[in-house]
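Chemist: Submitted below is the structure of interest, expressed as structure tokens.
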Amino acid sequence: MSLRLYDTATQQTRAFEPLREGEVSIYICGLTTQGVPHIGHVRFAVAFDILRRWLVRGHGYDVTLVRNVTDIDDKILTESAEHARPWWAWSYAHELATSRALDTLGVLPATYEPRATGHIPEMVELIETLIERGHAYAADDGSGDVYFDVRSWPAYGELTRQRIEEMEAAADADPRGKRDPRDFALWKGAKTGEPCTASWPTAYGRGRPGWHLECSAMARKYLGDTFDIHGGGVDLRFPHHENEQAQSRAADLGFARWWLHNAWVTVKGAKMGKSLGNALAVDVLTETVRPLVLRYYLGAAHYRSMIEYGDGSLDEATAAVERISTFVQRSLEVCGVPADEVRAVAQTADLPAEFAAALDDDLNVPEALAVLFGTVRAGNRALDDAAVAGARHTLEQVVAMTQVLGVDPLDPHWSGPAADSAERDVLDALVTARLAERDKARAQCDFAAADAIRDELSSLGIVVEDTPGGARWALGR
């Protein structure tokens with residue numbers, strides 16, 4: 001079965017064929033570095049990380065992934081001024097915070113991660129092309145603003161299937177000098193009170209790029225005039241992606257051949273965000289939740305489905321990670337095989353056909369997880385029956401599937417129960433000693449003491465499972 005992806009532009013699930021054989025080019029709209037990233041911000045990165053891993057592991061593609069950094073815009077200037085910090089220092093601090101958050105969640109580094117401020121010449125060149133082709137104009141009021149003329153491009157609105165007459169006025173720039181209120185800013189003239197470092201000289205006057213312009217310019221530089229996939233959150237479809245496509249194609253660029261959009265993380269039905277007061281910062285949340293659990297949670301739903309966050313939302317993810325980790329650890333012990341060897345074999349092991357079919361069906365992770373847990377159940381039965389050879393094969397398949405999804409409990413990146421480290425050995429010795437005390441209490445029918453030990457371990461995030469072969473433990477968070 002070939003890979004099929006839902007294209008937002010055509011509103012159809014289409015068979016994916018890359019522009020160049022054996023290669024896939026992807027551009028993803030990264031974060032605006034105005035504040036600390038929360039889980040709503042980073043869901044897109046987890047979703048497209050799974051896509052990238054599947055393109056490589058499932059289809060053997062060489063993937064080039066560009067994820068931009070919007071390191072200057074109105075919000076950054078406002079936030080930095082309110083905190084009495086230089087805008088570039090404020091932006092860079094939150095760029096680093098974003099990088100840490102993505103690394104914490106096991107998101108693979110982008111092939112290129114360009115900053116908007118590093119690509120001013122490419123943006124100015126694109127503006128000049130649009131003006132020459134009659135699709136952009138400089139405001140005649142001396143403001144230094146340059147606008148895209150939406151009525152000059154008959155296809156404007158095709159990505160989101162809207163008619164110009166039904167659209168609201170663009171909100172990304174002042175109305176000064178506009179021919180049509182829906183025209184959007186390509187270049188924003190410097191304003192009184194803004195720091196001089198936040199503008200660059202051009203033939204139109206000092207200023208800075210519009211939000212939409214930067215992505216068109218950077219995608220072109222790193223991926224060419226035409227590339228395979230453009231991705232981002234569903235909230236970016238309009239106006240950002242609509243404007244990107246219009247200005248790029250008006251400049252005679254092919255631009256994106258597929259548009260993929262992930263849904264939001266919501267709280268009480270509303271999009272998660274700072275303004276709602278419900279933002280959950282990744283660095284704060286992972287103080288009490290294992291990063292592996294959070295990664296699983298953000299990637300378990302279909303990328304086009306909303307995730308509703310609330311009290312207890314991570315419980316199911318915690319239990320799922322425990323099931324996988326416990327099976328993997330038990331299999332390593334019974335089969336007597338080193339974790340590194342299993343990880344190496346799993347990288348080229350055959351994946352279950354049903355698992356591959358699920359991911360080929362528009363990256364259907366829920367169906368893929370159903371196959372994964374079915375395999376875990378089969379592996380546990382093999383262990384119960386002392387079928388070591390079958391258990392090892394199942395172990396390799398389970399690890400292979402978790403590698404594709406980015407939740408491999410054997411990956412040293414995670415501080416999980418299978419981590420091969422001195423810390424693990426010390427923890428194992430301490431927990432084993434407490435479990436021995438629990439066994440002794442149970443043998444003496446002192447069930448209150450036994451339960452107290454289990455509760456103590458549970459409060460520390462250690463889950464105890466009683467099996468025919470004795471008590472086993474795993475980290476639950």
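The values are calculated or read from the model by the stated rules, or taken from the named source; none is laboratory data. In this text the structure is predicted, and so the values were computed from the model without any measurement. Here the Cβ is made from the backbone with ideal geometry for all residues, glycine too, and neighbour counts use every protein chain on show.
Chemist: Only one of these is among the β-branched types (Val, Ile, Thr), under 20 Å from the mean Cα position of the chain (by Cα) and either under 21 Å from Val234 (Cα atoms) or surrounded by 20 or more Cβ atoms within 10 Å (Cβ to Cβ) (or both): Val150, Val107, Val146. Name it.
Modeler: Criteria check complete, one pass: Val107.
Chemist: Now a separate question. For the range 54-78, which residues satisfy the criterion of being among the hydrophobic types (A, V, I, L, M, F, W, C) and touching a residue at least 24 places away in the same chain (Cβ under 8 Å)?
Modeler: Trp54, Leu55, Val63, Leu65, Val66, Val69, Ile72, Ile76, Leu77, listed by residue number.
Chemist: OK, next. Residue check: is Val388 at pLDDT 95 or above, surrounded by 13 or more Cβ atoms within 10 Å (Cβ to Cβ) and touching a helix residue (DSSP H, G or I) at 6+ places or on another chain (Cβ under 8 Å)?
Modeler: Judged against the criteria, Val388 is not a match.
Chemist: A further question follows. Are any residues in the range 230-251 within 16 Å of Leu31 (Cβ to Cβ) and small (Gly, Ala, Ser), and if so, which ones?
Modeler: Gly231, Gly232, Gly233
Chemist: Find all pairs meeting these conditions: Cβ atoms under 7 angstrom apart; at least six residues apart or on different chains; first residue within the range 1-20 and of a type in the set (S, T, N, Q); second residue in a strand (DSSP E or B) and surrounded by 15 or more Cβ atoms within 10 Å (Cβ to Cβ).
Modeler: Thr8/Trp259; Thr8/Leu260; Thr8/His261; Thr13/Arg4; Thr13/Leu5; Thr13/Tyr6
Chemist: Mind listing just one residue for me: the one in the range 79-100 that is without any contact (Cβ under 8 Å) to a residue 12 or more places away in the chain and of a type in the set (S, T, N, Q) and, of those, surrounded by the most Cβ atoms within 10 Å (Cβ to Cβ)?
Modeler: The qualifying residue surrounded by the most Cβ atoms within 10 Å (Cβ to Cβ) is Ser80.
Chemist: Look at the range 29-68 and say how many of its residues are assigned to a strand (DSSP E or B) and of a type in the set (Asp, Glu).
Modeler: 1
Chemist: From the list Ser305, Ser331, pick out the single residue that is crowded, with 19+ Cβ neighbours inside 10 Å, of a type in the set (Gly, Ala, Ser) and touching a residue at least 24 places away in the same chain (Cβ under 8 Å).
Modeler: Being crowded, with 19+ Cβ neighbours inside 10 Å, of a type in the set (Gly, Ala, Ser) and touching a residue at least 24 places away in the same chain (Cβ under 8 Å) holds for just one of Ser305, Ser331, which is Ser331.
Chemist: Please give the number of the condition Lys268 fails out of (1) in contact with a strand residue (DSSP E or B) (Cβ under 7 Å, 6 or more places away or on another chain); (2) outside the structural domain of Arg43 (by TED's automatic domain parsing).
Modeler: (1)
Chemist: While we're here: Among Asp228, Asp252, which is surrounded by fewer than 20 Cβ atoms within 10 Å (Cβ to Cβ) and either within 28 Å of the chain's Cα centre (by Cα) or at positive phi (or both)?
Modeler: The conditions single out Asp252.
Chemist: Can we say Leu260 is at pLDDT 95 or above, out of contact with any Lys or Arg (no Cβ under 7 Å at 6 or more places or on another chain), surrounded by 22 or more Cβ atoms within 10 Å (Cβ to Cβ) and closer than 17 Å to Asp235 by Cβ?
Modeler: So Leu260 fits the description; yes.
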